[in-house]
1. Would you work out the charge dipole size for the chain about its Cα centre, treating the Cβ of every Lys and Arg as +1 and the Cβ of every Asp and Glu as -1, and quote it to the nearest 20 debye?
2. Just tell me the longest site-free run in the chain, where the sites are trypsin sites (Lys or Arg not before Pro) in a DSSP loop having at most 11 other beta-carbon atoms within 10 Å.
3. Got a number for carbon plus sulfur as a percent of the chain's accessible area, 1.4 Å probe?
4. How big is the dipole moment of region 239-300 about its Cα centre under a simple scheme where the beta carbon of each Lys and Arg is +1, that of each Asp and Glu is -1, and everything else is neutral? Debye, nearest 20, please.
5. Just the number please: accessible area per residue for region 253-327, 1.4 Å probe, all protein chains included, in Å².
6. Based on the Cα atoms of region 198-243, what semi-axes does the equivalent ellipsoid have, where each is the square root of 5 times one gyration tensor eigenvalue, given in whole Å with the largest first?
7. In degrees, nearest 10, range 0 to 90: what is the angle between the Cα axis of helix 120-133 and the longest Cα principal axis of the chain?
8. Residue farthest toward the positive end of the dipole of the chain, with Cβ of Lys/Arg at +1 and Asp/Glu at -1: which of ALA339, ALA211, ILE280?
Amino acid sequence: MRRQSVLGGGAGWWWRGGAAVAWWGAVVLAHLVTPGRAGLLETNPGLAYNFYQTSCPSAEATVKSITSQMVAANPALAGRLLRLHFHDCFVQGCDASILLDTPASQNEKSAPPNGSVGGYEVIDAIKTKLEATCPGVVSCADIVALAARDAVSYQFQASLWQVETGRRDGSSSLASNAGALPSFSAGFAGLLASFAAQGLNVTDLVALSGAHTIGKASCSSVTPRLYAGNATSVDPLLDSTLAAVLINKCPNNASSSATTVDLDGNTPLKFDGVYYTNLINKRGLLASDAALMQNAAAAAIVNDLTNPIKFYAAFAMSMKKMGRVNVLTAKNGKGKIRAQCRAP
């Protein structure tokens, strides 16, 4: 990806003038010199920036254009597309297997952890356009990765992280593999184990959990912190004021499972570092959010990432690292370019 496409021009920066330059400079500096932070996997699996420059020069611009149009019309898509990318990469790698509709009722998207994942219509629209322009060239896996970045970056009018491309698509999708996803109810040890299985460390865990600054969760993922059987029993790690709000939104009955609540009740559509302040104040929505404050090393990182400049830098680095997890590429001779993202 060319540098100018990352910077994206000055007119639409979230912060104007010198502050915007300072913000981006800090992000770049963090990539280059910060020791011990989440970095790229050391072995390049065959990905590259601007992979489609020759084979499909308009690929990244097409993804950005369609994604931006659809997010502008429905800002909630930013959280859905980001979650789509996470849930794809954590199950047999970033191979677009989560998009497959086969086998019916047994594919990844039918697994309970993926019930709240969305944004499939955005990927379909992009793939249709790219197949008309560059048939058989751009993978669904790369579309997912690029669309996640462009959806989150829309509010800034500048890319928050670079995306390596050159992934190929997988051909299998099984709901049974979704057990690799971190659970909303997991404690710290379970979360760390889930991330370690993907080659990700504690810094990645805390930084990528910052994705919960946007998006929604189902009440069914919250009610275990509010009730025990038929009685109200609030998790002591949950702020009592927030608990009262959640009890009102998520009653203790089966019908509440279809209801959703904002992961970040303060700035639900704004990608910012407020999530980490929420954690410190016991206002993380999920048990897995609260778990980050139960480990000294993770809690120290949480405190560090309340600084938005540090959050954006850490998130960018961990996203690039996650985007390399178990990818299929021409270099390793695996995968294919699917003509339709929903079909193998």
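1. 460 debye
2. Counting at most 11 other Cβ atoms within 10 Å as exposed, the longest clean stretch of the chain is 17-344.
3. That share works out to 57 percent.
4. That gives a dipole near 80 debye.
5. Per residue, region 253-327 has 36 Å² of solvent-accessible surface.
6. 27, 12, 11
7. Roughly 0 degrees between the two axes.
8. My answer, from the dipole projection, is ALA339.
The values are calculated or read from the model by the stated rules, or taken from the named source; none is laboratory data. Being a predicted model, the structure only gives us computed values, none of them experimental. Because the Cβ atoms are built from the backbone with ideal geometry, glycine has one as well, and the counts that use them run over all protein chains shown. Areas reflect the complete protein model, heavy atoms only, side chains present, ligands, DNA and RNA absent. Shrake-Rupley method; radii C 1.70, N 1.55, O 1.52, S 1.80 Å.
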